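Encoded as structure tokens, the structure appears first; notes follow it.
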Amino acid sequence: MELFKDTNYDFLGKKWPFIIASLVLTVAGMTSIALKGGLKYGIDFKEGVLMTVKFAHQPPLEKIRSVMSNSGKIKGEVTVQNLTGSGAENEVQIGTEAQEEGQMNVNRTDMQDVLYSTFGQPNSGKLDFNNAGAQVLVSRLQDGLARAGVPMSQTQVEDLAKSLINARDTKYSGIVTNFNELSSVPGMNPAIMNTLQKECYLAPFSIKSVQMVGPKVGAELRQKAILATLYALGGMLVYIAFRFEWIYGLGAVIACFHDTIITIGLFSIFNKEISMTVIAALLTLVGYSMNDTIVIFDRIRENLKISRREPLEQVMNRAVNQTLSRTVMTSGLTFLTVIALFLFGGPVLNGFSFALVCGIIVGTYSSVFIASPIVLFWHNWVDKRKRPKGVPVAARAEAVRKSPTRATK
């Protein structure tokens, strides 16, 4: 399917407005980063606490975000993300930034207090079964059973507690919504069930894990994220230099680096966080932009084999026109997908989708107006240096033809 047939647009003749726009966006982004003292990193890259909480029903994200932010106890920024995937039903990840040294433990305790005050049982004299460990459950059941006159040895109570905890964690994924669900546990009888209900209550949430990200870990993650991006660009430079010419590889890598820098600058301008999902989006963007550039470069190489006496700029323009339908269809359909993700994906995917929206727009025009002009400028400069004084300008095309791209080995 072709949307455009026999087009003859002078793309490279319109390169300067796009090059100037890229320079303006780059300077604006770098200025924003400098004025704000650096990028705004997510809790993944900073010191803070990440708590994974499973709810009995659909978690109220806005309510959780509101009570955490407005509690007056928790210092620093709060993020709430709905987890997806197998085994992550009704789970959220709550993150808090530690603004002071040693604040992580305080934030952890305060986060638990806020959850209990918002979703917990008003009667604080009972034990929360969904968040209780085996040892504390043994102690509570032993005293309760003794008061109820139910004869059980220490070993029997310990075995019962282990069975109850095991049923909660394996059969009910860490959260029990009704004590009757535990009636099939080995050793359970009406007297024990009655004691369990008197001594415990069922909170509508269960804290599955708590991770503390220290400043050293955050710094290491930032460093690895930067290295991952640079390694990806370096590997692509080597590949394209081998497949085409080194200047083609350099042009493609500069275009990808240009896309990444502008996208990161837009994150700073719009005050958005750089998180692990954003790094994944940037790496996706590098591959997407590189693929688009290679398609155009491959068509340029094919045209050079056929039209050896034609000016290089004309050959490049024809190659871009020939791949125009493919570029518009691929970029257009991908853009529609990511814009829907950006508009309807919610706060969890906002950073990821924003990076892709910006990257697809910038990456599509950089393949034509950044990567190709770099190759053209280089060949024109080499041609100018090699051409003896007094040689007519008309001989330029012939000089360029003498250094065509290598065929694929």
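Test residue 38 against the criterion of being among the small types (Gly, Ala, Ser), touching a helix residue (DSSP H, G or I) at 6+ places or on another chain (Cβ under 6 Å) and more than 22 Å from residue 207 (Cα to Cα), and give yes or no.
Details: among the small types (Gly, Ala, Ser): yes; touching a helix residue (DSSP H, G or I) at 6+ places or on another chain (Cβ under 6 Å): no; more than 22 Å from residue 207 (Cα to Cα): yes.
Taking the combined requirement at face value, the residue does not satisfy it.
I'd like the full set of residues that are under 16 Å from residue 132 (Cβ atoms) and among the β-branched types (Val, Ile, Thr), limited to region 152-169.
157, 165
Okay, residues lined up against (1) over 20 Å from the mean Cα position of the chain (by Cα); (2) outside any helix (DSSP H, G or I); (3) surrounded by fewer than 20 Cβ atoms within 10 Å (Cβ to Cβ); (4) small (Gly, Ala, Ser):
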position: 282; (1), (2), (3), (4): no, no, no, no
position: 287; (1), (2), (3), (4): no, no, yes, yes
position: 293; (1), (2), (3), (4): yes, no, no, no
position: 297; (1), (2), (3), (4): yes, no, no, no
position: 308; (1), (2), (3), (4): yes, yes, yes, no
position: 328; (1), (2), (3), (4): yes, no, yes, no
position: 335; (1), (2), (3), (4): no, no, yes, no
position: 338; (1), (2), (3), (4): no, no, no, no
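Residue by residue through region 301-313, note down the ones that are closer than 21 Å to residue 370 by Cβ and either in contact (Cβ under 8 Å) with a residue 60 or more places away in the chain or in contact with a Leu (Cβ under 9 Å, 6 or more places away or on another chain) (or both). Step through it out loud before you land on a result.
Filtering region 301-313 for residues closer than 21 Å to residue 370 by Cβ gives 301, 303-304, 311-313.
Scanning region 301-313 gives 301, 304, 311, 312, 313.
Yes or no: residue 137 out of contact with any Asp or Glu (no Cβ under 8 Å at 6 or more places or on another chain) and in a helix (DSSP H, G or I)?
Values: out of contact with any Asp or Glu (no Cβ under 8 Å at 6 or more places or on another chain): yes; in a helix (DSSP H, G or I): yes.
Taking the combined requirement at face value, the residue satisfies it.
Regarding region 136-145, can at least one residue be identified that is surrounded by 18 or more Cβ atoms within 10 Å (Cβ to Cβ), hydrophobic (A, V, I, L, M, F, W, C), touching a Cys at 6+ places or on another chain (Cβ under 6 Å) and in contact (Cβ under 8 Å) with a residue 12 or more places away in the chain?
No; the residues of region 136-145 include none that is surrounded by 18 or more Cβ atoms within 10 Å (Cβ to Cβ), hydrophobic (A, V, I, L, M, F, W, C), touching a Cys at 6+ places or on another chain (Cβ under 6 Å) and in contact (Cβ under 8 Å) with a residue 12 or more places away in the chain.
Out of region 300-321, which residues are more than 14 Å from residue 12 (Cβ to Cβ) and not β-branched (Val, Ile, Thr)?
In the first step, residues of region 300-321 are kept if they are more than 14 Å from residue 12 (Cβ to Cβ); the result is 301-302, 304-309.
Across region 300-321, the qualifying residues are 301, 302, 304, 305, 307, 308, 309.
Can you work out which of the residues in region 79-110 that are more than 20 Å from residue 58 (Cα to Cα), out of contact with any Leu (no Cβ under 9 Å at 6 or more places or on another chain) and at pLDDT 70 or above is surrounded by the most Cβ atoms within 10 Å (Cβ to Cβ)?
Let us first name the residues in region 79-110 that are more than 20 Å from residue 58 (Cα to Cα), namely 96-110.
Adding the requirement that they be out of contact with any Leu (no Cβ under 9 Å at 6 or more places or on another chain) leaves 97-110.
Pick out the ones that are also at pLDDT 70 or above and you get 97, 107-110.
Working: 97: 21, 107: 26, 108: 19, 109: 12, 110: 19.
Going through the qualifying residues, I end up with 107.
Mind listing whichever residues of region 255-279 are part of a helix (DSSP H, G or I) and touching a strand residue (DSSP E or B) at 6+ places or on another chain (Cβ under 8 Å)? Before you say what the answer is, go through the steps one by one.
Going residue by residue through region 255-279, those that are part of a helix (DSSP H, G or I) are 255-269, 276-279.
Residues satisfying the conditions are 264, 267.
Do you know which residues across region 204-224 are modelled with pLDDT under 90 and of a type in the set (Gly, Ala, Ser)?
Answer for region 204-224, where residues must be modelled with pLDDT under 90 and of a type in the set (Gly, Ala, Ser): 209, 214, 218, 219.
So residue 288 clears everything in (1) touching a Gly at 6+ places or on another chain (Cβ under 8 Å); (2) of a type in the set (Phe, Trp, Tyr); (3) more than 22 Å from residue 257 (Cβ to Cβ) except one condition, right? Which one?
Among (1) touching a Gly at 6+ places or on another chain (Cβ under 8 Å); (2) of a type in the set (Phe, Trp, Tyr); (3) more than 22 Å from residue 257 (Cβ to Cβ), the lone unmet condition for residue 288 is (3).
May I ask you to say which residue of 357, 362 is in the same structural domain as residue 286 (by TED's automatic domain parsing), closer than 23 Å to residue 325 by Cα, β-branched (Val, Ile, Thr) and buried (at least 22 other Cβ atoms within 10 Å of the Cβ)? Let's see the steps before the verdict.
On the way: 357 fails: buried (at least 22 other Cβ atoms within 10 Å of the Cβ).
So the residue among 357, 362 that is in the same structural domain as residue 286 (by TED's automatic domain parsing), closer than 23 Å to residue 325 by Cα, β-branched (Val, Ile, Thr) and buried (at least 22 other Cβ atoms within 10 Å of the Cβ) is 362.
The values are calculated or read from the model by the stated rules, or taken from the named source; none is laboratory data. Model, not experiment: these values are computed from the prediction. With ideal geometry, Cβ positions are generated from the backbone for all residues, glycine too; neighbour counts draw on all protein chains shown.
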